[in-house]
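Following: one structure in structure tokens, then a few remarks.
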Amino acid sequence: MQGFLLVDKPRGWTSHDVVAKMRGLLRTKKIGHAGTLDPMATGLLVLGVGACTKLLRFVQEGRKRYEASALFGVATDTLDADGTVVEERPLQATEQQIRTAARSLIGNIEQVPPMTSAIKIDGRRLYELAREGKEIERPARPVTIYDLAVTDVEMASETATVTFSVTCSKGTYVRTLADDIARGVGSRAHLTALRRTANGSLSVAEAHTIDALQTAADEECIGEMLLPAVDGLPDLARFDLPDELASRVRNGAKIDASEFELEEGAYVRMVNDGSLLAVYETKGAAVVPAAVMPS
């Protein structure tokens, strides 16, 4: 069994909880996921099953889209609703100032990861250090905000609930982004809701709930919910191979790059008879295998 499974993660579940559940329903241990969602977040979690686990790194490169709500005027230690309040900084900005602060973050920016993230520094995950009550200096990391729009602002006396949508690169912390918007108007914030609506061209509208997957497993038709490998990477270029070239690709042979019109470093799906044989990468005068599927 192999393919991609699009899951609509419920609030309160970790990404690993979803993987563990699917390992039971699909009766296989070879399952991974692309792009961790925090427990309080909901929405699209892309799973790779079987040989498709080796393709998850290509899924992870895709732009992510989120819908989020944040409470401005109050910060927590985790920058989300699961944390403990650590600062109250009354909001004195107008709705227009909040919208302007959000727009100012569109483009290439640097973010300091929160202490409760899974990033490793000196071999330790930050959230492990946070549980021990430790806080260390974290180097800022470059991320890209492609689009950021405030869709609603509900003003109160010293706080505001701000709803926004964002399209961003991998590695972006939306809870940090919410706090950065608030800092831009002299306040602080924490996320109260977060939903991933897209990963590249894959949409949460195509995802399955845990209940639907459980029902499908009970009816022994859960395998029908898997996306074929070729369909799980819609943002990669596609080349349909003639049979002669397909046999070479199955063996991981290099191919002359003149056969393709791709930029350096671009990935391409190598397809024959509707099935994904491999993902290749452009390197100089050749395209070389980045991941070859089992025959």
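Cβ-Cβ distances below 9 Å connect the following pairs, each with a first residue in the range 107-120 that is loosely packed, with under 12 Cβ neighbours inside 10 Å, a second residue that is among the aliphatic types (A, V, I, L, M) and in a loop (DSSP other than H, G, I, E, B), and a separation of six or more residues or different chains: GLU110/ALA140. Taking the range 61-105 as the range and being of a type outside the set (A, V, I, L, M), touching a His at 6+ places or on another chain (Cβ under 9 Å) and closer than 27 Å to GLY200 by Cβ as the test, only ASP80 passes.
On inspection, ARG188 passes the criterion of being surrounded by 14 or more Cβ atoms within 10 Å (Cβ to Cβ), touching a residue at least 24 places away in the same chain (Cβ under 8 Å), touching a strand residue (DSSP E or B) at 6+ places or on another chain (Cβ under 9 Å) and closer than 17 Å to ALA70 by Cβ. Scanning the range 44-89 for residues that are under 14 Å from GLY3 (Cβ atoms), of a type in the set (A, V, I, L, M) and in contact (Cβ under 8 Å) with a residue 60 or more places away in the chain yields VAL46, VAL49, ALA51, LEU55, VAL59. Assess whether VAL268 counts as being closer than 15 Å to PHE4 by Cβ, in contact with a Leu (Cβ under 8 Å, 6 or more places away or on another chain) and not in a helix (DSSP H, G or I). In short, no. Pairing each residue of the range 269-285 that is modelled with pLDDT under 95 with any residue that is not in a strand (DSSP E or B), provided the two are 6+ apart or on different chains, yields C-beta distances under 6 Å for THR282/ALA257; THR282/LEU262; THR282/GLU264; THR282/ALA266; ALA285/ALA257. Just so you know, in the range 271-294 the residues that are within 16 Å of PRO234 (Cβ to Cβ) and more than 24 Å from the chain's Cα centre (by Cα) include one that is surrounded by the most Cβ atoms within 10 Å (Cβ to Cβ), and it is VAL271. Of the residues GLY35, GLY62, GLY43, the single one that is at pLDDT 95 or above and closer than 23 Å to CYS168 by Cα is GLY43.
The values are calculated or read from the model by the stated rules, or taken from the named source; none is laboratory data. Not measured: the values here are computed from a predicted model. Counting neighbours? That spans all protein chains shown, and the Cβs are built from the backbone with ideal geometry, glycine included.
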